[in-house]
Amino acid sequence: MNFIKGVKAKIRNKKKMPSWYTERLIICNQCSENSKNKAKIPIKDKIRISHNFGKDACLICSCGINDLTSDPTVKCSAKSPKWDWIQVPNFDIKFNLENYSPSIGSLTREGKYYFYDFSSIKFKNDATAVLLFVSKKELDSFKVISSCGCTMPEFSRNEKGYLINVSYDTKIIGDFEKQVSISYLKENKEKEYLTFWIKGCVLDF
Ligand code: SF4
């Protein structure tokens, strides 16, 4: 699946992209946190970014630079971001997300942000969060996307809403914090973006 995501990103880049994408790419290309700008990469980081194509990965989040920069619902992974969201996600309280997998992790709200926290996970163990996005009404063009190939979201519809499975690739050792975005068309046909994060730490034992 990572392979397909990487190929799609490469094809996407060959098409004409908007100016915000080019601007982001220039910043990432010059950033000291871009793996291609490091003379020596620690082995831990090499493992973290090995699932990405080539050497262009952000060492903060280990996502491919192409995936990050081409997604309008993502912002730079640095604590003081160097570039921002293009489509600002909605963090409104009405964002109704419920945890359907309480035995694995927990869904918490920190300020206006939702986090699904896996806490510590063993290397290669299952890390799948099952969440319910409550919406009795079927939503037009409903999608769940992640900015990174190591985070795979899927969804299905039931009578209460959308059951969302988000799996993290636990072959990547270390801390992670990944953004997942829900999007759909509102009644006025405007696109709505809602964002949450999954986080945790994969331990090598
Ligand atoms: S996402 Fe931000 S921190 Fe990461 S390489 Fe790009 S500019 Fe640097």
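Every number here is computed from the coordinates shown, using simple stated rules; none is lab data. Since this is a predicted model, take the numbers as computed values, not measurements. Every residue, glycine as well, gets a Cβ built from its backbone with ideal geometry; the counts of neighbours run over all protein chains shown.
General remarks:
- Fluctuation leader among L194, L139, L107 - the chain, Gaussian network, Cα springs under 10 angstrom: L139
- For the chain, the residue among A127, P72, Y21 whose Cα projects farthest onto the positive side of the dipole built from Cβ charges is Y21.
- For peptides 123-132, 174-183, 140-149, 66-75, sequence by mean Cβ density within 10 Å, most packed first: 66-75, 174-183, 140-149, 123-132
- Panel values: the stretch 97-203, Kirkwood radius from alpha carbon pairs, Stokes-Einstein at 20 °C and 1.002 mPa s, translational diffusion coefficient 150 µm²/s.
- For the chain, a Kirkwood radius taken over Cα pairs fed into Stokes-Einstein (37 °C, viscosity 0.692 mPa s) yields D = 185 µm²/s.
- Basic side chains Lys and Arg get +1 at the Cβ, acidic Asp and Glu get -1 at the Cβ, and with that the dipole of the stretch 61-205 about its Cα centre reaches some 140 debye.
- Cross-link pairs K36/K143; K36/K171; K122/K178; K16/K137; K36/K75; K79/K122 - those with Cα-Cα distance over 29 Å: K36/K143; K16/K137
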